[in-house]
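Q: Sending over a structure as structure tokens; questions will come in a sec.
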Amino acid sequence: MDTHVQAPPATPAAAGRYPDRGQPQAWTARQADEDRSWVLRLAPAHVEALHKALAHAKTVGKPLLQWGQADFPLDEATQAILREAIATTQGRWGMCLLKGFPVDVWSEEDTRLAYWGIGLYMGVGRPQNRASDVMTDVRDAGGSYKTKGGRGYNTNAELDFHMDSCDVVALMCRRTAKLGGSSKVVSSIALRDEVARLRPDLLEVLHQPYYHSYQGAQDPSQPPYYPLSIFGNHPAQFAARTNRKNLVAAQRDFPEVPRWTPAQAEALDLLDELMAGEKLCYNMELERGDLQLLNSYVTLHSRTAFEDYEEPDLKRHLLRLWLAVPISQELPADWDVYYIDVRGGSVRGGMRGSGISPEFLEYEQRHAKALGMLFEPWAPKVRKEDGILPGGQA
């Protein structure tokens, strides 16, 4: 099946600064294992530059949202490998693993400061939860996953395959689990191709809207659910979005949304089967100092359950950023109900939450300008007083 193409950089400020890594393509687990061109490694000079930037940042004395790149000054070579990592996520594999961050010599707070500084060179951070946090701790905090309002990042549970609500989800691995916690990644382009091969009758169903629950992390002005197709309907750009937990939650919690048809339920079951299969599912063991970057539109990811250590500073701990990036693709027009701005290279995505501050609004506009990204102030496409959203299956 013909692979959809990716748009070129959306803004003149981004054009030419990022290496060309080609277009996203379908890949299998075996291909990802045999061709490791998606794995990059920091050189000693990069690590030294990070240490110097962190030493400077610790003297700044400003909240993170007030930082600019000058507050975490990196040399051009280190900036270049961060741009290369982002470019790799937009190319063939839709993912990048950048190894070698010195988390063993950084304290938890040092890692947090350094990671925010690194993120300033990759994209604009997006809010991730009800509290509108722009950096979250991925560790077992005793949360519940498949419950009303549940999220996976604060549990030790096995997760459904999903994508995060951003152009690129970035995970910095600070500590690994005692047992388990393996990362799983699937090419959603390959997933689409498998559906077309095995059950072409269900492919059309997956291009129709399904209702998703926001799990309580929407802006207070928005309805608690939204309609979005699993496979996007852009004429040239492939994009996929699914999260079984949030799909089930919309059916469970909101009787006013349309019920799944038998074909819609069957299509979701097929996706679950294919994503877990050995052909498509690539298992990735994150190590300390790894930065995993995934393009949310062409990959889906999951995690196995894990057992943790008893000692607090040995427990599994990753830091997560959701990024809007300067060379992102254009999205389907009807995905604006969720992403608000579907233009390539725009500041978009995130789960708005109820804690958006004036400081965050100033940060995203200022940093969008610094990165040469398209920016429009956020405003909901549909408000909760509008009632049932258009586009669902009756």
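The values are calculated or read from the model by the stated rules, or taken from the named source; none is laboratory data. This one's a predicted model, so the numbers in the text were calculated from it and none came from an experiment. Note that each Cβ is placed from the backbone with ideal geometry, even for glycine, and that neighbours are counted across all protein chains shown. Heavy atoms of the whole protein, side chains included, go into the accessibility calculation; ligands, DNA and RNA do not. Shrake-Rupley method; radii C 1.70, N 1.55, O 1.52, S 1.80 Å.
Q: Which aspartates and glutamates, on any chain, are close to residue 58 with Cα under 16 Å apart, when same-chain ones fewer than 8 places away are left out?
A: Correct list for residue 58: 48, 71, 108, 109, 110.
Q: Note down the magnitude of the dipole of segment 29-371 about its Cα centre, charges +1 on Lys and Arg C-beta and -1 on Asp and Glu C-beta and zero elsewhere, to the nearest 20 debye.
A: Details: 39 positive and 46 negative charges, 48 e Å.
So the magnitude is around 240 debye.
Q: Return the calculated 222 nm mean residue ellipticity for the chain, to the nearest 500 deg cm²/dmol, obtained by summing -39500 (n - 2.57) across DSSP H runs with n ≥ 4 and dividing by the residue count. Mind dumping the intermediate values first?
A: Values: 10 runs with 107 residues, N = 394.
One gets -8000 deg cm²/dmol as the mean residue ellipticity at 222 nm.
Q: Ignoring ligands, DNA and RNA, what accessible area per residue does the chain give at 1.4 Å, in Å²?
A: Normalised by residue count, the accessible surface of the chain is 40 Å².
Q: When the accessible area of the chain is computed with all protein chains present and a 1.4 Å probe, what percentage of it is carbon and sulfur? Could the numbers behind the result be given before it?
A: Working: 8010 of 15600 Å².
About 51 percent, which is the carbon plus sulfur part of the accessible surface.
Q: What order, most packed first, do the peptides 313-322, 268-277 have when packing is the mean number of other Cβ atoms within 10 Å of each residue? If you can, show how the numbers build up before the last one.
A: Working: 313-322: 20.3, 268-277: 16.9.
Listed from highest to lowest mean packing, they are 313-322, 268-277.
Q: Holding the Cα-Cα limit at 30 Å, pick out from 315/384; 315/381; 62/381; 279/381; 245/384 the pairs that are longer than that.
A: Numbers: 315/384 40 Å; 315/381 41 Å; 62/381 34 Å; 279/381 39 Å; 245/384 22 Å.
Exceeds cut-off: 315/384; 315/381; 62/381; 279/381.
Q: Ignoring ligands, DNA and RNA, how do 124, 105 rank by accessible area with a 1.4 Å probe, largest first?
A: Working: 124 0, 105 105 Å².
Ranked list, largest accessible area first: 105, 124.
Q: Projected onto the charge dipole of the chain (+1 at Lys/Arg Cβ, -1 at Asp/Glu Cβ, origin at the Cα centre), which of 220, 321, 238 gives the Cα projection farthest towards the positive end?
A: Farthest towards the positive pole: 220.
Q: Next question. Give the residue from 46, 168, 119 lying farthest towards the positive end of the charge dipole for the chain; charges sit on Cβ (+1 for Lys and Arg, -1 for Asp and Glu) and the dipole is referred to the Cα centre.
A: Looking along the dipole axis, the top candidate is 119.
Q: While we're looking at this one, here's another question. Roughly how many Å is it from the Cα centre of segment 47-107 to that of segment 322-368, as a whole number?
A: With segment 47-107 and segment 322-368 each reduced to a Cα centre, they are spaced 21 Å.
Q: Give the label of the value calculated from the structure for mean projected area of the Cα convex hull in nm², choosing from [x] 20.9; [y] 18.0; [z] 23.6.
A: Checked against the structure: label [y].
Q: So, by mean Cβ neighbours within 10 angstrom, what's the order for 348-357, 111-120 with the highest one leading?
A: Details: 348-357: 19.8, 111-120: 21.8.
Peptide ranking by packing, descending: 111-120, 348-357.
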